[in-house]
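The values are calculated or read from the model by the stated rules, or taken from the named source; none is laboratory data. None of the values given here were measured: they were computed from a predicted structure. Virtual Cβ from ideal backbone geometry, glycine too; neighbours counted across all protein chains shown.
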Amino acid sequence: MKTYFDHEKLNVSQVSLAFNEWVGEFLSSINAKVATKDQLDRAATSIPLNVAEGNGKFSARDRARFFDITRGSAVESVAALDVLVSRKLTTQACVTPAKEQLVQVVNMLMGLLKRLGYGFKSGTAMAREQSNSDLDYEHEHE
């Protein structure tokens, strides 16, 4: 695939688009009308949009702000999936692969935030892990 913009080269962008593909198929399989479906759709959609917008910013502070917003949307997507499971509209087994994609997204975003100088102290495993693939890209393209 030919890339036109820098954000398209980021692995976090690719994983978030794959997650959105899954979300589109998943939401069409749920016939019930629940607000959580719309919330999941909005949160999932905002992930690649904010990655692109954040990566297009010139200042580290602005980039970090958008990447942090993106991280929040990824975590919100996880919570929406949990709500759908709790309401028995889907199963944990069905959403586990999507949650694993979101763990990747969060880890990559944490790596980007750390690279920008915005480290976070957290007791969670996700915050301690980071993806080097996006860090390598960021380092190479400064």
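Just to be sure before I move on: is Lys99 modelled with pLDDT of 95 or more, outside any helix (DSSP H, G or I), of a type in the set (D, E, K, R) and surrounded by 13 or more Cβ atoms within 10 Å (Cβ to Cβ) in the structure I sent?
When the stated conditions are applied, Lys99 does not pass them.
Answer yes or no: is there a residue in segment 51-65 that is assigned to a loop (DSSP other than H, G, I, E, B), among the polar types (S, T, N, Q) and either at pLDDT 95 or above or buried (at least 18 other Cβ atoms within 10 Å of the Cβ) (or both).
Yes: segment 51-65 contains one or more residues that are assigned to a loop (DSSP other than H, G, I, E, B), among the polar types (S, T, N, Q) and either at pLDDT 95 or above or buried (at least 18 other Cβ atoms within 10 Å of the Cβ) (or both).
Can you tell me which residue within segment 31-45, out of those that are among the polar types (S, T, N, Q) and part of a helix (DSSP H, G or I), is farthest from Arg87 (Cα to Cα)?
So, considering only residues that are among the polar types (S, T, N, Q) and part of a helix (DSSP H, G or I), the one farthest from Arg87 (Cα to Cα) is Thr45.
Which ones in segment 56-102 are in contact (Cβ under 8 Å) with a residue 24 or more places away in the chain, more than 17 Å from Val15 (Cβ to Cβ) and among the acidic types (Asp, Glu)?
Result: Asp68, single match.
If I ask for residues that are over 13 Å from Ser13 (Cβ atoms) and among the charged types (D, E, K, R), which ones from segment 36-55 would you list?
Lys37, Asp38, Asp41, Arg42
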